[in-house]
Amino acid sequence: EGLLTDLCGDKKDEMIRLFRRVYPDGDLLDLYNLDFIVRKGVYEFFDRKAECEAPLYCYMITYHLNYFGGIPAYHGFCLPLVFGNTEYVDACNEPDCVALSQKMHQAWINFATCGDPNGGDVPEWKPYRKGECGTYELNRALRAQRHDFLNHLQVVYSLIEMEEDEGA
């Protein structure tokens, strides 16, 4: 929590409360890794891309591996899942990971053949729409997640940024 205090100042408790509302059992390290490092910039990019005519399908990997006693998915973790070759990656040798790979592999085949990842055993995956913050959350449950978490986070981010600007 010390890192979050450094990043959020007096908004730390609000950030943790919002995170816990969406991810009750989530690791607070994800709040830093996913939200401060990844999610904010990614959604800004998605909002710009969503203005195009082609549908935009977004995902975020929130999977935690049992490897090394439990670690968040690392950069590039989606590659063996998409290509269906988890048996070649030690960290992916667990039943939930193999099941996730089967669904991801199918989604990418669907998308490559018809421009839509839906079909087969793939849970409904709706295109991203600006302001809806919809993502396909790739975790052990493989669920399509739509929530207002990011909208609330954006407000808190902007307050933190304003405080940083005032302090400069």
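Looking only at residues that are closer than 16 Å to VAL42 by Cα, of a type outside the set (Ser, Thr, Tyr) and part of a loop (DSSP other than H, G, I, E, B) in the range 56-68, which one is modelled with the highest pLDDT?
Taking the candidates together, the pick is LEU56.
Take the range 1-25 and flag every residue that is under 19 Å from the mean Cα position of the chain (by Cα), modelled with pLDDT under 75 and either assigned to a loop (DSSP other than H, G, I, E, B) or of a type in the set (Phe, Trp, Tyr) (or both).
TYR23
Which condition breaks for PHE45 when tested against (1) farther than 18 Å from LEU138 by Cα; (2) open to solvent by 20 Å² or more (accessible area, probe 1.4 Å); (3) in contact with a helix residue (DSSP H, G or I) (Cβ under 9 Å, 6 or more places away or on another chain); (4) of a type outside the set (Gly, Ala, Ser)?
For PHE45, the exception is condition (3).
In the range 53-66, is there at least one residue being β-branched (Val, Ile, Thr) and open to solvent by 50 Å² or more (accessible area, probe 1.4 Å)?
The answer is no; no qualifying residue exists.
Which one of LEU100, LEU79 is within 20 Å of TYR23 (Cβ to Cβ) and either modelled with pLDDT of 85 or more or touching a Ser or Thr at 6+ places or on another chain (Cβ under 9 Å) (or both)?
After applying the criteria, what remains is LEU100.
Can you name every residue in the range 90-122 that is in a loop (DSSP other than H, G, I, E, B) and either open to solvent by 40 Å² or more (accessible area, probe 1.4 Å) or under 26 Å from LEU31 (Cβ atoms) (or both)?
Scanning the range 90-122 gives ASN93, GLU94, ASP116, ASN118, GLY120, ASP121.
Spot the failing condition for GLU132; the list is (1) of a type in the set (Asp, Glu); (2) outside any helix (DSSP H, G or I); (3) modelled with pLDDT of 85 or more, and only one is missed.
Answer for GLU132: the failing condition is (3).
Is one or more of the residues making up the range 113-124 closer than 16 Å to TYR63 by Cα and not β-branched (Val, Ile, Thr)?
no
Restricting attention to the range 73-109, which residues are among the polar types (S, T, N, Q) and over 21 Å from the mean Cα position of the chain (by Cα)?
Scanning the range 73-109 gives ASN85, ASN93.
Being under 24 Å from LYS130 (Cα atoms) and assigned to a loop (DSSP other than H, G, I, E, B), is that true of even one residue in the range 69-84?
no
Which one of PHE83, PHE19 is buried (at least 16 other Cβ atoms within 10 Å of the Cβ) and touching a residue at least 12 places away in the same chain (Cβ under 8 Å)?
Going through PHE83, PHE19 in turn, the sole match is PHE19.
The values are calculated or read from the model by the stated rules, or taken from the named source; none is laboratory data. Every value quoted in this text rests on a predicted model; they were computed, and no experiment measured them. Cβ atoms come from the backbone with ideal geometry, glycine included; neighbour counts cover every protein chain shown. What goes into the accessible areas is simple: the full protein's heavy atoms, side chains included, and nothing from ligands, DNA or RNA. Shrake-Rupley method; radii C 1.70, N 1.55, O 1.52, S 1.80 Å.
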